Protein chains: 2
Amino acid sequence: MTPLDETDKRLLAILQAEGRLPIQELAARAGLSTSPCWRRVRKLEESGVIRGYAALVDARAVGLLTRAYVHVSLVDHSEETIRRFDAFVAQEPQIVECASVTGADDYLLKVVARDPEALEHFLMHRILRLGIVRASTTHFVLGQKKETTVLPLD
Amino acid sequence: MTPLDETDKRLLAILQAEGRLPIQELAARAGLSTSPCWRRVRKLEESGVIRGYAALVDARAVGLLTRAYVHVSLVDHSEETIRRFDAFVAQEPQIVECASVTGADDYLLKVVARDPEALEHFLMHRILRLGIVRASTTHFVLGQKKETTVLPLD
DNA sequence: GCTGAAAGGAGAATGAG
DNA sequence: CTCATTCTCCTTTCAGC
């Protein structure tokens, strides 16, 4: 848990954009040689700063043309209700984000689907039929202006 | 643009979870040998189905403890206003998601910050001071239940 | 801590069957 | 798709700054 120095941040910035870059090139771009570069990356991985590596798939190319943000309120806040909702979210691959949030509603979900009809069907038949959702408000995405996995590192 | 077969989908599913897996292991897990596996992956990359590879960084580990979703309405919908807002979003690394959405507001942003104060400061001094935001509603994230880059592939 | 070099082994990438 | 081959890159260890 030792804080990141400027070199670590440079490595992370590069790897966030190009996760498969060979250590040699990474080292060259960050201005150090391969041995310490390799050691640093390994440390970042082991300490959990780098949670993993992922291929980023284009949603359109796999036929997922529709997405929406859905505000959700539960019927109550018993342990059992929350547990069931969490389990549902975890197990449902169409839900790609879920956070409990401040405001009038309990959760904000991000849902992907093939088309608006499929999304509506998912809302009606999978979420609302759970029997634990009191109310929901859906915001369909008209245009995705930005969507990045890159976090700012000051 | 040829549609994905089951083997492609299996490769994508694996690579979405482990983007740095060696081709040999990937091939073994998907049940084919290395050459055709490598060729398929290359095709997926070139055709844009795989947009790229990224190291996933743990937000907490780099001191980003706070995030929020922000609904935003612009003062007007002139080309100039929209252009300025888009440019701002694109250039601002703390904004990790931005979509224009249906509903009462124009945009929904996802913003990350060091702490709630830094987030409030970002909203007040960077977004609202643009002079083109009419109204905004902020939902602070209390708990991130799910956050994945993995898309469902049917 | 860092660099540079060097070595063996692993994996990427291609061509032919 | 399999097989075989070439060549790049990874990974480790050493030396020395």
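Read the figures in this text as sums done on the coordinates, not as results from a lab. Since this is a predicted model, take the numbers as computed values, not measurements. Heads up, the Cβs are rebuilt from the backbone with ideal geometry, glycines too, and the neighbour counts pull from every protein chain shown.
Report the charge-dipole magnitude of chain B in Debye, nearest 20, computed about the Cα centre from +1 at each Lys and Arg Cβ and -1 at each Asp and Glu Cβ.
Computed about the Cα centre, the dipole is about 420 debye.
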### Task
Quick one: check the C-alpha center-to-center distance for segment B:86-140 versus segment A:63-141, whole angstrom.
23
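Using r as the Cβ-Cβ distance of A:Gln24 and B:Asp58, and R0 as 25 Å, what FRET efficiency do you calculate, to the nearest 0.05? Write down the numbers at each step before the final one.
Numbers: r = 26 Å, r/R0 = 1.02.
Efficiency at R0 = 25 Å is approximately 0.45.
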### Query
About its Cα centre, how strong a charge dipole does the protein assembly as shown have in debye, to the nearest 20, once Lys and Arg get +1 and Asp and Glu get -1 at the Cβ?
720
### Relative packing of B:8-18, A:14-24, B:62-72, which averages over residues the other C-beta atoms within 10 Å, highest first
B:62-72, B:8-18, A:14-24
### Message
If you take each beta carbon of peptide A:40-47 and count the beta carbons of other chains within 10 angstrom, what is the mean?
### Response
1
### Query
Counting alpha carbon pairs within less than 8 Å and at least 6 residues apart, what relative contact order, in whole percent, applies to segment B:32-154?
32
### Summary
Distance in nm between A:Glu45 and B:Glu120 label points, each 7 Å along Cα→Cβ, equals 4.2
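Using only the alpha carbons of segment B:6-46, what is the convex hull's orientation-averaged projected area in square nanometres? Can you show the working numbers first?
Details: hull surface 9.7 nm².
For the Cα atoms of segment B:6-46, the hull's average projected area reads 2.4 nm².
Taking the Cα centre of segment A:6-46 as origin and charging only Cβ (+1 Lys, Arg; -1 Asp, Glu), how large is the dipole, in debye to the nearest 20? Display every interim value, and only then the final one.
On the way: 8 positive and 6 negative charges, 14 e Å.
It comes to approximately 60 debye.
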### Query
Using alpha-carbon positions, what is the distance between the centroids of segment A:29-59 and segment B:13-49, in Å?
20
### Message
Can you give me the distance in nm between label points at B:Leu142 and A:Ala135, each placed 7 Å from the Cα along the Cα-to-Cβ direction?
### Response
1.6
### Task
Measure of size requested: the Rg and Dmax of the protein assembly as shown, with Cα atoms as the atom set and Å as the unit; please supply both.
20.5, 58
### Query
Across segment A:76-84, in residue order, what do the Karplus-derived ³J(HN,Hα) couplings come to in whole Hz, using 6.51 cos²θ - 1.76 cosθ + 1.60 with θ = phi - 60° and x for Gly and Pro?
8, 10, 6, 4, 5, 5, 5, 4, 5
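Over the whole of A:11-23, what's the average partner chain Cβ count within 10 Å per residue? Rounded to a whole number, please. Each step should come with its number before you reach the end.
Details: counts 1, 4, 3, 1, 5, 4, 4, 4, 7, 7, 2, 0, 0.
Averaged over the peptide's residues, the number is 3.
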### Query
Could you give the angle, 0 to 90 degrees to the nearest 10, between helix B:34-46's Cα long axis and the longest principal axis of the Cα atoms of chain B?
30
### Message
Using the Cα centre of segment A:60-140 as origin and beta-carbon charges of +1 (Lys, Arg) and -1 (Asp, Glu), tell me which of A:Leu65, A:Val89, A:Thr137 is placed farthest towards the positive end of the dipole.
### Response
A:Leu65
#### Entry: Of B:Cys98, B:Leu74, B:Leu11, farthest towards positive along the dipole that unit charges on Lys, Arg, Asp, Glu beta carbons give chain B
B:Leu11
### Query
Any idea what the B:Ser47 label distances to the other copies are, label 7 Å down the Cα→Cβ vector, nm, shortest first?
4.1
#### Entry: Other copies of B:Ser136: label-to-label distances in nm, shortest first, labels 7 Å along the beta-carbon direction
2.8
